[in-house]
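**Student:** One structure is given below, represented as structure tokens, and several questions about it will come after.
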Amino acid sequence: MVVFVFGGSKSGKSNFAQNVSVKISSGKDLYYLATMIPYDEEDELRIKKHVTSRAGLGFKTLECAYDLNEVFDDGKINPDGSFLVESLTSLLSNIMFKNPEPDFNAWPKLDKMLRNFIQKSKNSIFVCDSIFADAEEYGAVTETFRQVLAKAACLVCELSDVAVEVKNGQAYFIKGGDGILQKKNDLKKYYFITGGAYNGKLDYAKKRFGLRDDDISFCDKNSEPDFSKRCVAYLENYVCFCLRNKIQPRTDWKADTIFICTDIFCGVVPVDKDLREWREKTGEYFQLIADQSSCVRVCFGIPQEMGGGK
């Protein structure tokens, strides 16, 4: 089985992929192919978090920075096991930037590698960052990287049995699935509405819940919203306010609160450290809320129920 899991920054895709790997391994050999090469403290911390999150799940970690197929070279690794590759993004980065000059011809190598690896392994689960949905104009190096990563994602998605996008810890299956890791319809405490900017989230919430303007507290980056209102909108701004004032975001939400949250997690990772921290903390906060909520993604005015997750 081939599973392709993708999502933006702090979307919950790693935890989802880990749990999928455990489920389809059926108690057999389970491998985590770690592709990231740390370059600074931020990278080291990210790796540490990933190690902690998969502790006790039964993974054997294999460092694999440049060639996935090298894990089979010594004959000690069972190809009938399940292999979680995290991530395609780091793997391509390692290949393309191995030498001082970027390798603009990385795609043929990556294409051959992925095809061979999928053929050799019984179960392969690939994690990929979604860095394709923004309006920035980048230089030739970054655009080549995005283009090659998109080719790799298209290839794995084509060869996959299951392809799933994860947002805020919730799974949206675009291919296959058959209910894999779908959550039960437990009673939810809140309502979580997400989507891109100007996609109709607020209009949808007003229509579905009969909201008036005075039912809604609009978050900004300079003050705390009124959590006593029925609806708290644009919660990403509240997280920014908390970071600026060095306070923890509230978690004592009123039952049946309607949260409207903008998806700010796709696109190339920001160079600015503060923006990276804002995306990460917002993603963690959204996952916490979404896990206890009935979730809807609004895409160009069309609502989509979201399910699945941990």
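**Student:** What is the Cα convex hull volume of the chain when expressed per residue in Å³?
**Tutor:** Cα-based convex hull of the chain, divided per residue, equals 144 Å³.
**Student:** At what distance in angstrom do the alpha carbon centres of segment 66-110 and segment 136-151 lie from each other?
**Tutor:** 19
**Student:** Okay, next question. So what's the angle, to the nearest 10 degrees on a 0 to 90 scale, between helix 106-120 and the longest Cα principal axis of the chain?
**Tutor:** The helix 106-120 is inclined about 80 degrees to the chain.
**Student:** Hey, another quick one. Across segment 74-84, in residue order, what do the Karplus-derived ³J(HN,Hα) couplings come to in whole Hz, using 6.51 cos²θ - 1.76 cosθ + 1.60 with θ = phi - 60° and x for Gly and Pro?
**Tutor:** Ordered by residue, 3J(HN,Hα) equals 8, x, 8, 9, 7, x, 7, x, 10, 10, 9 Hz.
**Student:** OK, next. On a 0 to 90° scale, report how tilted helix 235-244 is relative to the longest principal axis of the chain, with both axes built from alpha carbons and the result rounded to the nearest 10.
**Tutor:** 80
**Student:** Given the -39500 (n - 2.57) contribution per DSSP H run of 4+ residues, what per-residue ellipticity at 222 nm results for the chain, rounded to the nearest 500 deg cm²/dmol?
**Tutor:** So the helix-based figure for the chain works out to -11000 deg cm²/dmol.
**Student:** In terms of the Cα gyration tensor, with a ≥ b ≥ c the square roots of its eigenvalues, is segment 159-262 rounded because a/c is under 1.5, prolate because a/b exceeds b/c, or oblate?
**Tutor:** Because a/c hits 1.5 or more and a/b exceeds b/c, segment 159-262 counts as prolate.
**Student:** Any of 151/207; 98/175; 98/151; 13/189; 13/48; 112/175 with alpha carbons more than 28 Å apart? Name them for me. Write down the numbers at each step before the final one.
**Tutor:** Numbers: 151/207 40 Å; 98/175 34 Å; 98/151 20 Å; 13/189 23 Å; 13/48 16 Å; 112/175 23 Å.
From 151/207; 98/175; 98/151; 13/189; 13/48; 112/175, over 28 Å: 151/207; 98/175.
**Student:** Using the heavy atoms of the protein chains alone and a 1.4 angstrom probe, what is the accessible area of the chain per residue in square angstrom?
**Tutor:** Value returned for the chain: 50 Å² of accessible area per residue.
**Student:** Right, here's the next one. Counting only protein heavy atoms, what percent of the accessible surface of the chain is carbon or sulfur at a 1.4 Å probe?
**Tutor:** Values: 7820 of 15500 Å².
Taking all protein chains in place, the chain shows 50 percent carbon and sulfur surface.
**Student:** In terms of Cα to Cα distance under 14 Å, which aspartates and glutamates are near enough to residue 273, apart from those fewer than 8 places away along the same chain?
**Tutor:** Candidates past the 8-residue exclusion: 40, 41, 42, 43.
The values are calculated or read from the model by the stated rules, or taken from the named source; none is laboratory data. Bear in mind that the values here come from a model prediction, so they are computed numbers and not experimental data. Side chains are part of the model used for accessible areas, which takes the heavy atoms of the whole protein and leaves out ligands, DNA and RNA. Shrake-Rupley method; radii C 1.70, N 1.55, O 1.52, S 1.80 Å.
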